[in-house]
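Engineer: I have a structure I would like to understand better, so I am pasting it below and will then ask my questions one at a time.
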Amino acid sequence: MSHLLWKTLVLSPVVLGVTVLLSARAMAAKVAGSYEDIKAKVTQTEAPIASAASVLIQTEQPKVNQQLIAQKTDDNNVLEQVNRYNSEGNNQNSLSQVTSVSQFSDVQPTDWAFQALQSLVERYGCIAGYPDSTYRGNRALTRYEFAAGLNACLNRVNELIATATTGLVSKQDLTTLQRLQEEFSAELSTLRGRVDAVEARSAELEANQFSTTTKLVGEAIFAVTDNFGNNDNNNTVFQDRVRLDLQTSFTGKDTLHTRLATGNAIGLALPNGTFEGTQTFNVSPSTNNSVFIDWLSYYFPIGNSQVYIAASGGIQSDYVPTVNPYFEDYDGGNGALSTFASESPIYRIGGGAGIGVNLAFGSGGGGFEPSLTLGYLASQANNPNLNTGLLEGNYAALGQLNLKVGDRFTLAATYVHGYHNGGTVLFDAGSASTTAAVVGTAQANFVGGGNPYSSNSYGFEAAFKPSDKLSISGFAVYSDITGFGANDDSQVWSYGLGVALPDLGKKGNVLGLFAGIEPYVGGNTGDKPYHFEGFYKYRVTDNISITPGVIWLTNPGQLPGNNDDAFIGTLRTTFTF
């Protein structure tokens, strides 16, 4: 008891320091957030601003316009209504051209200007609206909205004149346009001035952006952790891991991931050489904060299917659905604390370089959506030596049938066949390690008696979301081990069940409770290694979260006798950018 109290006192200043650091970072993130939002939206826009009317009515640029003008002036209340309608329109799958003002059911033709513009629009097709033919809101057009439509017609007529098609523009129409310009000169002037400001700001952002085809997505994790069990061989430690993912698209539908990683996180030492306490930020090897490329992969679509090619650092969950919402974060810092709770151990068998494909058979309309996932990853694909390489070294071939029923229920059945060289662990996540695994007991990993062995693993995963505030998910795994030596056969089992309460206390927060049995060897005389975990992810800002949690492990190592339990406490802070 005194030892636990002493550790608590030691840990308190660290927690205080992390809290102070978070406060400062949160303030900085708030200041920088507006610039990053603007930059992200400008980057997403593929075409330059063609005209003032198309900016206000048709594209996503009004979002940028609204943010920029809000920093310079307070007199944009009228245009905010236009921007709001356009933002709502972005939820539509597509926009169709409307060539008649009378088609806009919420526009009231109250004066001559409406009639004049109606005639111009029908003749030159210069206004685009929403497919349901409304401006959203069932109200009359404001003068600024009318000016936007007028400006579109002015630009259209100018295009016709510039392309030597003046015969299509009558003298009467030019006279009408001149009269409309005079009556709405103030609105047109304000409109064009604001569009010019947007174009200037967009040009500045484009000139200073990192790349026109690449964006940077980063994550930094600070973690304070310790084992508070009776058999405690650890000190309280403060560790870190950073990932910088360069995401490049060449067609707009594909993505090349070049991820840099660094960190100093070392897994806690648990009794009997077990790996049950491995946390997600321990997955990348500790490099004393030296940078290396830990993942290089390429995603691209073929019809309704998605193809995945990994050149280095690939894992099964990169391309296959793991069916564990709110716990799975691809070993990032916003899901469960442990590797066991984050995904089924069957996805930890194999990894490295190879290919995967997800074949979708459903329509994607939210009903019954079956799909089939196939993949092959080799742990030693780059090694030309004997009994290594893409085909002769450690590998894992995966097949999974996915059944999604609406947004509430998902089932998956998984099969993985693997080959493992002598002395390498079963749950290696592609490292081909002879010393360390990422989940399970030592007995469940060092199977095969030190000789080469093959594994045939069968998994079942399910997730049920009865409401937006509750999610239940679980898995079961059985691995049949065939050793290539005498008496080397064995069986490995594992189960897990998790309950998540999303948005508890605040939108973006998650309370997660998980319980199960880590991978263990069946028939062993030792007690089963139970795993209990609870965590609460608190979302400080859109880019910062704090996750305190506890992991309780019974009988670490699966040895007979009265082994001491392990209690791992962690305070994890995650920065995403």
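The values are calculated or read from the model by the stated rules, or taken from the named source; none is laboratory data. It should be emphasised that the depicted structure is a prediction, and the values quoted were computed from it without experimental measurement. Positions of Cβ are backbone-derived with ideal geometry, glycine not excepted, and every protein chain shown enters the neighbour counts.
Engineer: Restricting to the range 485-496, what's the tally of residues that are surrounded by 14 or more Cβ atoms within 10 Å (Cβ to Cβ) and either out of contact with any Leu (no Cβ under 9 Å at 6 or more places or on another chain) or without any contact (Cβ under 8 Å) to a residue 12 or more places away in the chain (or both)?
Structural biologist: 8
Engineer: Which ones in the range 474-508 are outside any strand (DSSP E or B) and of a type outside the set (Phe, Trp, Tyr)?
Structural biologist: Matches in the range 474-508: 485, 486, 487, 488, 489, 503, 504, 505, 506, 507, 508.
Engineer: Something else now. Among 433, 454, 467, 473, which is closer than 23 Å to residue 319 by Cβ and under 24 Å from the mean Cα position of the chain (by Cα)? Spell out how you get there, then give the answer.
Structural biologist: Details: 433 fails: under 24 Å from the mean Cα position of the chain (by Cα); 454 fails: under 24 Å from the mean Cα position of the chain (by Cα); 467 fails: closer than 23 Å to residue 319 by Cβ.
Just a single option satisfies the conditions, and that option is 473.
Engineer: I've got another one for you. Here is a list of conditions, (1) in a strand (DSSP E or B); (2) within 15 Å of residue 444 (Cα to Cα), and residue 515 meets all of them except one; can you say which number that is?
Structural biologist: The one condition residue 515 does not meet is (2).
Engineer: Now for a different question. Which residue pairs have Cβ atoms closer than 8 Å, lie 6 or more positions apart in sequence or on different chains, and pair a first residue in the range 512-525 that is modelled with pLDDT of 95 or more with a second residue that is acidic (Asp, Glu)?
Structural biologist: Sorted first by the residue in the range 512-525, then by its partner, the pairs are 512/533; 513/533; 514/533; 515/533; 518/276.
Engineer: Here is a follow-up. Looking only at the range 501-550, how many residues end up being under 30 Å from residue 274 (Cβ atoms) and basic (Lys, Arg)?
Structural biologist: Summing the residues that are under 30 Å from residue 274 (Cβ atoms) and basic (Lys, Arg) in the range 501-550 gives 2.
Engineer: Return only the number of the condition from (1) crowded, with 16+ Cβ neighbours inside 10 Å; (2) over 24 Å from residue 556 (Cα atoms); (3) hydroxyl-bearing (Ser, Thr, Tyr) that residue 467 does not satisfy.
Structural biologist: The one condition residue 467 does not meet is (1).
Engineer: With respect to residue 308, is the statement that it is surrounded by 17 or more Cβ atoms within 10 Å (Cβ to Cβ), at pLDDT 95 or above and not in a loop (DSSP other than H, G, I, E, B) true?
Structural biologist: So residue 308 passes the test.
Engineer: Please specify each residue of the range 474-504 satisfying the condition of being modelled with pLDDT of 95 or more and more than 26 Å from residue 529 (Cβ to Cβ).
Structural biologist: 501, 502, 503, 504 - these are the residues of the range 474-504 that are modelled with pLDDT of 95 or more and more than 26 Å from residue 529 (Cβ to Cβ).
Engineer: To continue, here is another question. For the range 543-563, which residues satisfy the criterion of being out of contact with any Lys or Arg (no Cβ under 9 Å at 6 or more places or on another chain) and either on the phi < 0 side of the Ramachandran plot or modelled with pLDDT of 95 or more (or both)?
Structural biologist: Once the filter is applied, which keeps residues that are out of contact with any Lys or Arg (no Cβ under 9 Å at 6 or more places or on another chain) and either on the phi < 0 side of the Ramachandran plot or modelled with pLDDT of 95 or more (or both), the range 543-563 yields 550, 551, 552, 553, 556, 559, 560, 562, 563.
Engineer: Please enumerate the residues belonging to the range 261-285 that are more than 23 Å from residue 554 (Cβ to Cβ) and crowded, with 16+ Cβ neighbours inside 10 Å.
Structural biologist: 261, 262, 263, 265, 281, 283, 284
Engineer: Restricting the range 177-211 to residues that are in contact (Cβ under 8 Å) with a residue 24 or more places away in the chain and not in a helix (DSSP H, G or I), which is farthest from residue 147 (Cα to Cα)? Give the steps one after another, and end with the answer.
Structural biologist: As a first pass, look at the range 177-211 and keep what is in contact (Cβ under 8 Å) with a residue 24 or more places away in the chain: 177, 179-181, 183-184, 187-188, 190-192, 194-195, 197-199, 201-202, 205-206, 209, 211.
Restricting the remaining residues to those that are not in a helix (DSSP H, G or I) gives 184, 209, 211.
Working: 184: 7, 209: 33, 211: 36 Å.
Selected residue: 211.
Engineer: When residue 448 is evaluated against the numbered criteria (1) at pLDDT 95 or above; (2) surrounded by 20 or more Cβ atoms within 10 Å (Cβ to Cβ), which criterion, by number, is the only one it fails?
Structural biologist: Here residue 448 clears every test but (1).
Engineer: Still on this structure: Name the residues in the range 243-254 that are touching a residue at least 40 places away in the same chain (Cβ under 8 Å) and surrounded by fewer than 19 Cβ atoms within 10 Å (Cβ to Cβ), would you? I'd like the intermediate steps shown before the answer.
Structural biologist: Residues of the range 243-254 touching a residue at least 40 places away in the same chain (Cβ under 8 Å): 243, 245, 251-254.
Across the range 243-254, the qualifying residues are 245, 251, 252, 253, 254.
Engineer: All but one of (1) over 30 Å from residue 480 (Cβ atoms); (2) in a loop (DSSP other than H, G, I, E, B); (3) more than 19 Å from the chain's Cα centre (by Cα) hold for residue 550; state the number of the condition that does not hold.
Structural biologist: All conditions are met except number (2).
Engineer: Based on this model, can you work out whether residue 567 counts as in contact with a strand residue (DSSP E or B) (Cβ under 8 Å, 6 or more places away or on another chain), part of a strand (DSSP E or B) and surrounded by fewer than 21 Cβ atoms within 10 Å (Cβ to Cβ)? Steps first, please.
Structural biologist: On the way: in contact with a strand residue (DSSP E or B) (Cβ under 8 Å, 6 or more places away or on another chain): yes; part of a strand (DSSP E or B): yes; surrounded by fewer than 21 Cβ atoms within 10 Å (Cβ to Cβ): yes.
Against the criterion (in contact with a strand residue (DSSP E or B) (Cβ under 8 Å, 6 or more places away or on another chain), part of a strand (DSSP E or B) and surrounded by fewer than 21 Cβ atoms within 10 Å (Cβ to Cβ)), residue 567 qualifies.
Engineer: Is at least one residue of the range 97-113 modelled with pLDDT of 65 or more, surrounded by 13 or more Cβ atoms within 10 Å (Cβ to Cβ) and out of contact with any Ser or Thr (no Cβ under 6 Å at 6 or more places or on another chain)?
Structural biologist: So far as the range 97-113 goes, yes, one or more of its residues are modelled with pLDDT of 65 or more, surrounded by 13 or more Cβ atoms within 10 Å (Cβ to Cβ) and out of contact with any Ser or Thr (no Cβ under 6 Å at 6 or more places or on another chain).
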